[in-house]
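The values are calculated or read from the model by the stated rules, or taken from the named source; none is laboratory data. Values in this document were obtained by computation on a predicted structure and should not be read as measured data. All Cβ positions, even for glycine, are placed from backbone atoms using ideal geometry, and neighbour counts span all protein chains on display.
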Amino acid sequence: MGQTGQNKGILQHKYYLYLTEFFAGMSVMAVELGASRLLAPYFSSSQIVWTIIIGTIMIAMALGNIYGGRSADRHPEPARLYRRILIAAIWIAAIPVVGKYIILGIAGLLVVTINSNFLIIAAFLACMVIFVFPLFLLGTVTPSLVKYTVDSLDDSGKVVGTLGAYNTIGSIIGTFLPTFVTIPAVGTAITFFIFGGILLILALIYFFTTSRKFTRTVLPILLFLACLIGGHSTSFAFWESDLVYEGESVYNYLQVKDTGSSVILSTNVLFGVQSVTMKEKELTGMYYDYAMAAPLMSPAYPYDGQLQMLILGMGTGTYARQCLAYRGGMGISGMEIVGVEIDEKITELSERYFDVPPDVRTVNYDGRAYLQASDGRYDVIMVDAYQDITIPFQMSSVEFFTLVKEHLKENGVMVVNMNMHDSGESSINAYLSDTIASVFPYVYTVDVPGTTNRELFASSNADMPARLTANEALLSDDALQALIAEASERLIPYEAGGRLLTDDKAPVELLGMEVIDTLIQNELGYYKERFQQDGISGILGDL
């Protein structure tokens, strides 16, 4: 047992072996957190993606444990372990350089070859290719260190327990440090470099303090430096040339783009617009415009005093900005708007890049938690907290919409923006609509032309459509009047079913994934057919 012929240099001190265990545990968790941020801009940060990440890492660690134990028995030389750590360090450092290209390559191949479960398969393959090997190598650390640290059976329990404690403490720190310090401060790419660098230094110390030749470490050092230089650009959307900001927060990947006529915020790479401001103070042409029908549906219109509005999912304030910009055209003398946005970084960006109205109060809080802590009541509540497949289940349930209803004034109106609409009877929007209809007696929907958005209006007021039609004539802005007239014509009553989402059961990720599969099939059907007939050359010939 023990160090078998290796009682030299730094390995004479067991604390170095304990530190190896500590930093290995820390790095595993840091890579796991980094993996979620690397994948989120392309596949979302839903529970499905997290499940794939955790499952993949557990597979890698289990295989590493098996191999590490067998390798330590056959070749009880610590140099083998530290070479594996050296390789893992270089691989982790290479992730920011090549990871995004691997993800897009896998996604591009699968999108034309499979018809269902695209998100699961693509995310799983990306995890397998990018993360399994380095985490497999780190999985060999614990069984190898047991071989090197246990001197006799008399103290084996104590030594193994100490190793486990160091690993656990390192894992705890590796969980909190990326989320609350490195990723928000310096980004995902630098986070990979930091923890890859820690492993690199750990291995180099071993080779520099033993009698073994350390000239073999020159190449790993050069490779690490090459990754550091080549990965200095943290751009996830590397094909974009007009980004004015790209960064990360505790919750999101964020990019701000200036199109010339507007400024756009996106919280991912592959799924649309999260917020927008129009430079010429015009209608956006998006769902925010249709949502302005909500104040006109209330029997309190025209309002006596100020319209009181709550926006759950404030973003950079697009809906508030549009409502205030067209307040005069709607004949509303005053508006009191409260916006709730969980991501403080988005609020900061709204002040820096977006023309957020200074008189709108923004609270950085979870939408449902805010309702539970507030006793305010509102004429209109806008729920705009759903991003692509990332739908917070706690804001999709019967209990949540009941809470919204309790914060509406008598006959007040709730408007909900639903993404990725389709006509499927078991789609996520069908479930959301049925859930809302179980709380509100009157529900109407309208699809926004040219988008995948659907606006839902709910109230205890039976006269919502009639009020909207009657109030069109009161609008003084011609463009807004034409848009509201179009929305009124397209408005249809929702026929409720029995598909309910509750706090106990709300499989929003799986339902959203089905919609993504449908959208992919509809949008890329031609290219799939070309691929099946003529292969990749057929697709390239069309581009």
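Would it be correct to say that Ala369 is in a helix (DSSP H, G or I) and not β-branched (Val, Ile, Thr)? Against the criterion (in a helix (DSSP H, G or I) and not β-branched (Val, Ile, Thr)), Ala369 qualifies.
Within region 481-497, residues that are at negative phi have Cβ atoms under 9 Å from residues that are exposed (fewer than 15 other Cβ atoms within 10 Å of the Cβ) and among the charged types (D, E, K, R) in these pairs: Gly497/Glu425, counting only partners at least 6 apart in sequence or on another chain. Just one of the numbered conditions (1) among the aromatic types (Phe, Trp, Tyr); (2) surrounded by 17 or more Cβ atoms within 10 Å (Cβ to Cβ); (3) within 20 Å of Leu17 (Cβ to Cβ) is not true of Phe124: (3). As for region 66-73, it holds at least one residue that is assigned by TED's automatic domain parsing to the domain that holds Ile172, in contact with a helix residue (DSSP H, G or I) (Cβ under 6 Å, 6 or more places away or on another chain) and modelled with pLDDT of 90 or more.
Each residue in region 166-182 was checked for being over 20 Å from Ile57 (Cα atoms) and either exposed (fewer than 15 other Cβ atoms within 10 Å of the Cβ) or of a type in the set (A, V, I, L, M) (or both), and 2 of them qualify.
Can you confirm whether region 481-494 contains a residue that is part of a loop (DSSP other than H, G, I, E, B) and charged (D, E, K, R)?
Restricting attention to region 481-494, the residues satisfying the condition of being part of a loop (DSSP other than H, G, I, E, B) are 491, 494.
Remaining after also requiring charged (D, E, K, R): none.
Checking region 481-494: not a single residue is part of a loop (DSSP other than H, G, I, E, B) and charged (D, E, K, R).
Considered as a group, the residues in region 54-75 that are touching a Ser or Thr at 6+ places or on another chain (Cβ under 7 Å) and buried (at least 18 other Cβ atoms within 10 Å of the Cβ) include one that is nearest to Pro134 (Cα to Cα), and that residue is Gly64.
What is the residue count in region 102-127 for residues that are in contact (Cβ under 8 Å) with a residue 40 or more places away in the chain and either assigned to a helix (DSSP H, G or I) or at positive phi (or both)?
Here is the first cut: in region 102-127, the residues in contact (Cβ under 8 Å) with a residue 40 or more places away in the chain are 103-104, 107, 111-113, 115-120, 122-124, 126-127.
After this cut, where a residue has to be either assigned to a helix (DSSP H, G or I) or at positive phi (or both) as well, the list is 103-104, 107, 111, 117-120, 122-124, 126-127.
Selection size over region 102-127: 13.
Take the residues in region 320-369 that are hydroxyl-bearing (Ser, Thr, Tyr) and at pLDDT 90 or above; name whichever of them is surrounded by the fewest Cβ atoms within 10 Å (Cβ to Cβ). Per the stated criteria, the residue is Tyr365. Each residue in region 27-46 was checked for being under 10 Å from the mean Cα position of the chain (by Cα) and either of a type outside the set (Ser, Thr, Tyr) or assigned to a helix (DSSP H, G or I) (or both), and 8 of them qualify.
Quick one: count up the residues across region 495-513 that are part of a loop (DSSP other than H, G, I, E, B) and either within 20 Å of Glu399 (Cα to Cα) or under 26 Å from the mean Cα position of the chain (by Cα) (or both).
So in region 495-513, the residues part of a loop (DSSP other than H, G, I, E, B) come out as 495-507.
Filter once more, so that each one left must be either within 20 Å of Glu399 (Cα to Cα) or under 26 Å from the mean Cα position of the chain (by Cα) (or both): 496-507.
Residues that pass the stated criteria total 12.
Could you tell me which of the residues Ile92, Ile57 is assigned by TED's automatic domain parsing to the domain that holds Pro184, of a type outside the set (Ser, Thr, Tyr) and at pLDDT below 95?
Values: Ile92 fails: at pLDDT below 95.
The conditions single out Ile57.
When each of Gly187, Gly247, Gly196 is tested for being modelled with pLDDT of 90 or more and not assigned by TED's automatic domain parsing to the domain that holds Ile342, the lone residue that passes is Gly196.
Got at least one residue in region 399-409 being more than 28 Å from Pro299 (Cβ to Cβ) and either outside any strand (DSSP E or B) or not charged (D, E, K, R) (or both)?
No - not one qualifying residue is present in region 399-409.
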